[in-house]
1. Out of all the residues in region 30-48, is one or more farther than 20 Å from Tyr209 by Cα and among the hydroxyl-bearing types (Ser, Thr, Tyr)?
2. Output the residues belonging to region 119-144 that are near the ligand (Cβ under 7 Å from one of its atoms) and either within 12 Å of the chain's Cα centre (by Cα) or buried (at least 23 other Cβ atoms within 10 Å of the Cβ) (or both).
3. Give the residues of region 261-278 that are without any contact (Cβ under 8 Å) to a residue 24 or more places away in the chain and surrounded by fewer than 19 Cβ atoms within 10 Å (Cβ to Cβ), sorted by residue number.
4. For region 63-79, give me each residue that is under 23 Å from Met193 (Cα atoms) and within 16 Å of the ligand (Cβ to nearest atom).
5. Just wondering, is there one or more residues in region 112-123 that are in contact with a Leu (Cβ under 6 Å, 6 or more places away or on another chain) and either over 25 Å from Met279 (Cα atoms) or among the polar types (S, T, N, Q) (or both)?
6. Of the residues Ala32, Ala27, Ala49, which is within 14 Å of the ligand (Cβ to nearest atom) and within 15 Å of the chain's Cα centre (by Cα)?
7. With respect to the numbered conditions (1) in contact with a strand residue (DSSP E or B) (Cβ under 9 Å, 6 or more places away or on another chain); (2) farther than 25 Å from Ser77 by Cα, which one is the sole condition not fulfilled by Leu264?
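Where a number appears in this text, it was derived from the coordinates with a stated rule and is not lab data. Keep in mind that this is a model prediction, so the values were computed, not measured. Cβ coordinates were reconstructed from backbone atoms using ideal geometry, including for glycine residues, and neighbour counts include every protein chain displayed.
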Amino acid sequence: MLFHQNRIVKLLGIKYPVIQGGMAWVATGELAAAVSEAGGLGTIGAGNAPAEIVREEIRKVKEITDKPFAVNVMLLSHFVEEIMELVIEEKVPVVTTGAGNPGKYIEKLKEIGTKVIPVVPSTALARRMERLKVDALIAEGTEAGGHIGELATMALIPQIVDADDIPVIAAGGIADGRGLVAALALGADAVQMGTRFIACKECTAHQNYKEAVIKAADRDTVVTGRTTGHLVRNLRNFLSRRIMEMEKAGASKEEIEKYGIGRLRMAVREGNIEEGTVMLGQIAGLINNIKTAKEIINDIINEANLIIENLRGINYNE
Ligand code: TUI
């Protein structure tokens, strides 16, 4: 069987090597539970939310499913300390981290058996994480939506795979079975997908946000934040144009950050996809339908299996 010896599947106790990205505001308990029920690993995105809000999402997941799930801790959050206390109290099976170095939290999480999986945008951070004995790494390329690093998935994955002996989950630019097989070919053991799971029936984001993903073409994302030091891939819309104008005009980091406050919520909850921040990855252009979490996962696995079967016939020496 294709995924029988898969290290990530074994580590996490899931059926398929598909992880749902922990998107702030978008990745609620409902979405995470649906993905975990379908055999992947669902993730709650803590984003900038306080612990009490995230606790409710954890409770929702636990009500719907007994399967493993993750909480993504966004390390730039003001509430990071209380979120870490919460995930320990709730004995969350898997913690993924983003937007920083989770070094000082790893020991406490591991003590209670929580699996720790940081997102790394470079081999330098991957090596540091290996020394701290994390369970796996998510190597996220710049194709991804939201806060991103500089390296593309195609270049990043094999370099991270070779830099350490930890299982690697590939992320950024992946939305179907072709992406999964490509990631496996580069040496990853699994994929994490965010954008694909926005266009998902169980995703609680506003319908306008889901439609923005479906409507987006290949060149419809832009990267803002070159001047603030926090690169963010989001939809080319009124807001991103305004921010790029401010950046060109030499606005200060504080001014730009202040202008962006509350904008993600505005897009995800209120459906204001012009004045809000619509975070999405470059692969949005490939996504043209809304499916259930189960359909997304089953389709990816079936497509990957077919591709692998076809590849078996190839031999360049003949
Ligand atoms: O974290 C993400 N994606 C996100 S976080 C987010 S909320 C936000 N909004 C505006 C500005 C900043 C954050 C929206 N989307 N993906 C995982 C990810 N982690 N991408 C890049 C990184 C990363 C970057 C630097 C991880 C570690 C890192 O380390 C720097 C260091 O301290 O070594």
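1. Taking every residue of region 30-48 in turn, at least one turns out to be farther than 20 Å from Tyr209 by Cα and among the hydroxyl-bearing types (Ser, Thr, Tyr).
2. Val119, Val120, Pro121, Glu140, Ala144
3. Ile261, Gly262
4. Going through region 63-79, the residues under 23 Å from Met193 (Cα atoms) turn out to be 64-77.
Answer for region 63-79, where residues must be under 23 Å from Met193 (Cα atoms) and within 16 Å of the ligand (Cβ to nearest atom): Ala70, Val71, Asn72, Val73, Met74, Leu75, Leu76, Ser77.
5. The answer is no; no qualifying residue exists.
6. Just one listed residue meets the conditions, Ala27.
7. Unmet condition: (2).
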